[in-house]
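All remarks here apply to the structure that follows.
Derivation of every value follows stated rules applied to the coordinates shown; laboratory data play no part. What you see is a predicted model, and the numbers here were worked out from it, not measured in a lab. All Cβ positions, even for glycine, are placed from backbone atoms using ideal geometry, and neighbour counts span all protein chains on display.
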Amino acid sequence: MGFWLELAASGLITGGIYAVVAIGLNLQYGLMRIMNISHGEFLMLGAYLTWLAHTTLKINPIVLLPGVAVTLFLVGMVVYRLCFRRISRSAPTVEVIEARSLLVGFGLMFFVQNAVYLAWGADLRGYSFMAEPVDIAGARFMANRLLVFGVAVAASLGLLAVLRWTMIGKAVRAMMQSPTGAQLVGIDTSTLHPVVFGAGLALAGVAGGLLSMVYEISPSMGEPYTVTALIVITLGGLGSAIGSLLGGFLLGLVEAFGMHFTNPSLKMVLSYGVLVAVLIARPKGLFAR
Amino acid sequence: MSRSTLTRMRGVPRALTLTVVAGALLAVLPWLLSDFMLSLALSCLMFAALAVSWSMFCGPTHYLSLATSAFFGLGAYVTAWGLESMPYGLTVLAGGLVGAAFAALIGVAVLHLRGAYFAVITFGLTELVLHSITYVEKTMFETAGRIISDAPENAVIYWTVLGITVLAVATAILVRASRLGFALAGIGGDEERAQTLGVNARRAKVLAFSLSAFFPGALGAAMAVRWTYIEPMSVFNPFIGFQTVLIAMVGGAQTLLGPIVSSVFFSLLTEFLRLRFPYAFLLVLGILLVVLVLYLPGGLASLFVRRARPHA
Amino acid sequence: MKRSKSFMGIAVALTAAALLAPVAPAAAQNVRIGYAIARTGPWAPGAQVTQEPNYIMWAEQVNAAGGLNVGGKKRKIELIGYDDRSNMETVVRSYEKLMSSDKVDLILPPWGTGANFAIMSLAKKYHYPMLSCTATGRKLVDAKNPYFFALLQQPDVMMDALAEYMVARKVKTAAVIHVDELFGLEQFTSLKSSMAKKGIKILEAKSYPLGIKDLSPVLKDMQAKKPDAFIGLTYPPGTFLSTGQAKAIGFNAKIFYLAVGTAFPIYRDKMGAATVEGVMGLGTWNPKTGAAAKAYFDAHVKRWKKEPDRWASAFCYAGLEILQDAVEKVGLDRKKIRDYIANTTHQTIIGPMRFKGSENVSTPGVVSQWQSGEFEVVWPPQRATSAALFPKPDWK
């Protein structure tokens, strides 16, 4: 019995990592239909900032996370102002916003990746943090993975709470349901959009900072995470905060049990198989409204 | 849809003639260019064919398919598996047919998805094929990649790719003027309405999706011989699909000429930047791309095509 | 309308013209050496840890000493390096440019087995010798390309060395994971035959795909089987991941061996020197293996503010030494350079090196082990810089 619990726990922890990667993108897409394909690059930027500050200033990386979040929030406001505001305003339909933001996302992806390469080189980087085993009910886990898991759950639930119970959350949800309707009832989209976009990047930055505690980092690390994020949020249903948390868990569990019952070589086949099967059965994800 | 059937049909013979003439003119390049310039021309042609075939289906219907890499990679694997027992030309044809067949198969299953969901599922399917092939190769043949020993001459590859490109452009011209083309445009405008007007939407979509997948399949089969060593990671590289989408959209996926001009423009520009700014070319390319999308929302096509529609 | 049309035409023509113009030789007397390598994309970390820094440093060193001695005349080296974007077609096109348009004097190889494969036939067509330092695999050597030389030890050589070490320590059983990639499969095939020859039993073998984020279920299964040795034929992500997760679950075999990335200084820095104490892996050299190796190490640290990796980096530098020696002996005639490389025993920072066909047959298989922050060579005994820690101490 203990063995199965351990297997499930390890799947959930990996799933939590997937979820934390996806939250920010989900927010941006859900609200504004901005398909920010450079999501992974900003995550990478967060990872580099955390690594840089930790290795040069010797500050505890957990303490750094709020700073990373604020920095990326500001970066996000600027990026929104320079790149996405024009698209949101001028595009005639939602489809066009999706398509154009995708293209701009490619441009940002090239830009950020190359800038980080110029600043710090393409080497692998990393540092050791909370790399200690922790005993929980007889099972052993790495402390830094547990931390990521905890933050993923907290951030998802927090986001859910903000959306449900605060004024800004209500405004955001109104926007998600009907952008024009929201404007009619007096919601100020010109402030809300940059703030939500910035929040999306801030969450990406925090995810990056957390990942830098667990995995090694490099300027090319972003793209696979963008892919993970896209899969998790479509699996859960675009725009659904709880959906992406559960989508992440589902993927993590499929992988853990799949690896045990078949073999790890089939891991990718299994995860993409689940994605394809879920979407064919439920074309708008598991938790679409 | 401002122009009538008749005016569309009227332009067809002229457009086809132009395509064939351009193809014939381009066919002399192997005698004029160095290996490098020829491979640059090859790259322009490859992306032109990819972008034109992508736009054939995705342009009018507004679907965003990321499955190009899957068709391309399958084609490449047809060559990797078949080149020992088949002539090169036949593997190219077979690659195209495998691409088309695969597209028909997945088309039936996933074309009811829209928007980002369709993009993600086509990406997922590409990865699924990539990892399935890796797994089969590993368990059944105990190998991770295949070596192509008898590669044809560069000029032969070039002519083959040129042939595929001419065929892709000609097909696109014909599709645009055909009933299928109208059906697709109708589906892009309002699928339900098109159906009430008697369009069998599902059949039209599967047919066009499958037709458009023939070309990336054939291109994969044709290009694979250039790399000697074929492994899933490099021939199913998702960037082949991303780049196709990018080129087609920046060019203007609703137009015919847009994707062609855009592929030449991007291939040359990227290569130019890469060679002149060997450390920072992606920086420049990234900025250019953003500026282009923001200030030329109609795509490159809006520079030279009258009445280019506003959809990017 | 007309105006923008002609504008487009001009833009395209300008781009084409700029491209057509070959790179003008800065000074006719320079020796122009070209290469394409990944600066961006997924191959970049490997290429920028192991390969390109050595190219640049070598060219600077040679130029600081006056240049390459070509037929008694000192000529400066001019490096022409392009970014291949981690893309196979770009690799091929770049080398076509270097060989057919720029007509550089010499080329240096790209990073990785696949990319080296991709330009092998070009090298033969245009007669450019390739001294490849990040390509391994029997398939490469079996291609019998006269212009291709593989510097790294082949998988069977490395796995035989590991098996010999295991026999010397009376190790009877092993559990193996390997990455689903040419490298992992070839290493695993070699490992199976090496283990069979020495009578070591493989209790369990599992493979995994690149991009895996959790190996703990596999490691737990293996832990339950209590193997004497754990062997991971991994790439860097798997190397880092299995180290961290084995530590987390307390899976500590007497021999804990991982493949690519173990020799990277970042492996020690990321996991912590105490954690990696006793971990074994693919390596060949360190600053203690010889005076020349020490000088190389110091120069690398001084130039790049980072340590070179303890496996392929030095092979890259050795390849450059061989090339330099060949040019200074026979000039810039590339066919003569090829013959010289093929038929001479070279003195390099990793010791003498001789080729049989494409294969380096002088450098023996080596097992290295992290000990107090250095990747010590522990096997074979005549090359060892330190005695092996056996069994591996507990995870710290």
For region C:244-354, the Debye formula with one identical point scatterer on each Cα and no solvent gives log10 I(q)/I(0) at q = 0.14 Å⁻¹ as -0.69
Going by a 4.7 Å Cβ-Cβ cut-off, which cysteines of the protein assembly as shown have no partner at all?
A:Cys83, B:Cys44, B:Cys58
Can you work out the Karplus-derived ³J(HN,Hα) for every residue in region C:101-107? Use 6.51 cos²θ - 1.76 cosθ + 1.60 with θ = phi - 60°, whole Hz, and x for glycine or proline.
9, 6, 6, 5, 6, 9, 10
Cβ neighbours within 10 Å from other chains - mean over A:25-35:
1
To check my understanding: the extent here is largest minus smallest coordinate of the Cα atoms along each principal axis. What are those three numbers for region B:5-252, in Å, largest first?
54, 45, 30
What residue among B:Met249, B:Leu42, B:Leu16 has its Cα farthest toward the positive end of the dipole of region B:5-252, where the charges are +1 on Lys, Arg and -1 on Asp, Glu, each on the Cβ?
B:Leu16
Kirkwood hydrodynamic radius of region C:54-143, from inverse mean 1/r over distinct Cα pairs, in Å:
14.3 Å
Identify all aspartates and glutamates with a Cα-Cα distance to C:Lys197 below 18 Å; exclude those on the same chain that are fewer than 8 residues away in sequence.
C:Asp156, C:Asp160, C:Glu164, C:Glu186, C:Asp228
Taking only Cα atoms and a 10 Å spring cutoff, compute GNM fluctuations for chain B and point out the largest among B:Trp227, B:Trp54, B:Trp159.
B:Trp227
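Run lengths n ≥ 4 of DSSP H only: what is the helix-derived mean residue ellipticity at 222 nm for chain C, with -39500 (n - 2.57) per run over all residues, to the nearest 500? Write down the numbers at each step before the final one.
Details: 15 runs with 175 residues, N = 396.
Result for chain C, helices only: -13500 deg cm²/dmol.
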Of all the C-alpha pairs in region B:143-215, what % are more than 18 Å from each other?
56 percent
In nm², the average projected area of the convex hull spanned by the Cα atoms of region C:182-265 is 5.6 nm²
³J(HN,Hα) computed for each position of region C:33-46 - Karplus, 6.51 cos²θ - 1.76 cosθ + 1.60, integer Hz, glycine/proline x
10, x, 7, 10, 8, 6, 10, 10, x, x, 7, 4, x, x
The alpha-carbon pair-distance distribution computed for chain A, with 10 angstrom bins and whole-percent values, is 7, 28, 35, 22, 7, 1
Any idea what the alpha-carbon Rg over 2.2 N^0.38 Å comes to for chain C?
1.06
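Please arrange C:Ser121, A:Ser38 by counting, for each residue, the other beta carbons lying within 10 Å of its beta carbon, fewest first. Mind showing how you got there, number by number?
Numbers: C:Ser121 19, A:Ser38 29.
Fewest to most other Cβ atoms nearby, the residues stand as C:Ser121, A:Ser38.
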Taking each residue of C:215-223 in turn, how many C-beta atoms of other protein chains fall within 10 Å of its C-beta, and what is the average?
5
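Please rank A:Asp123, C:Asp228, C:Asp84, fewest neighbouring Cβ atoms within 10 Å first, as an exposure proxy. Each step should come with its number before you reach the end.
Details: A:Asp123 24, C:Asp228 19, C:Asp84 30.
Fewest to most other Cβ atoms nearby, the residues stand as C:Asp228, A:Asp123, C:Asp84.
Let me have the relative contact order for region A:10-222, percent, based on Cα pairs under 8 Å that are six or more residues apart. Numbers along the way, then the final one.
Working: 292 pairs, mean separation 102.7, N = 213.
In percent, rounded to a whole number, it is 48.
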From zero up to wherever the largest Cα-Cα distance of region A:168-229 sits, split into 5 Å bins and tell me the percent of pairs in each.
4, 15, 20, 16, 11, 12, 11, 8, 3, 1
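Assuming 0.692 mPa s and 37 °C, estimate D for region B:19-113 with Stokes-Einstein, Rh taken as the Kirkwood radius over Cα pairs, in µm²/s. Numbers along the way, then the final one.
Working: Rh = 15.4 Å.
Translational diffusion coefficient: 213 µm²/s.
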Given charges at beta-carbon only (K, R positive; D, E negative), |dipole| of region A:10-222 in Debye:
500 debye
Cβ-based exposure ranking for B:Phe239, B:Phe141, B:Phe118, C:Phe148, in which fewest neighbours within 10 Å come first
B:Phe141, B:Phe239, B:Phe118, C:Phe148
Amide H neighbours of C:Trp379 under 5 Å, at least 5 residues apart or on other chains, H built in the peptide plane: list them.
C:Val367
Please report, in debye to the nearest 20, how large the charge dipole of region C:207-320 is about its Cα centre when each Lys and Arg carries +1 at its beta carbon and each Asp and Glu carries -1 there.
200 debye
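How high is the relative contact order of region A:89-197, in percent, counting Cα pairs under 8 Å that sit 6 or more residues apart?
With pairs under 8 Å counted, the relative contact order is 9 percent.
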At q = 0.08 1/Å the base-10 log of I(q)/I(0) from the Debye formula over the alpha-carbon atoms of the protein assembly as shown is -0.79
To the nearest 10 degrees, how steeply does helix C:312-330 sit against the main Cα axis of chain C, on a 0 to 90 scale?
40 degrees
Give the aspartates and glutamates whose C-alpha is closer than 17 Å to that of C:Lys294, dropping any in the same chain fewer than 8 places away, or say none.
C:Glu307, C:Asp309, C:Glu321, C:Glu374, C:Glu376
Chain C: relative contact order as a whole-number percent, Cα under 8 Å and 6+ apart:
17 percent
Calculated from DSSP H runs of 4 or more alone, at -39500 (n - 2.57) each and per residue, what is the 222 nm mean residue ellipticity of chain B, nearest 500?
-26000 deg cm²/dmol
Could you pull out every residue, at least 5 positions away or on a different chain, whose amide H is within less than 5 Å of the one on C:Arg75? Hs are placed 1.01 Å off N in the peptide plane, and Pro or chain starts have none.
C:Leu68, C:Asn69, C:Val70
Skipping prolines and chain starts, which residues have an amide H placed within reach, meaning under 5 Å, of the one on C:Asp180, given they are 5 or more residues away or on another chain?
C:Tyr208, C:Leu210
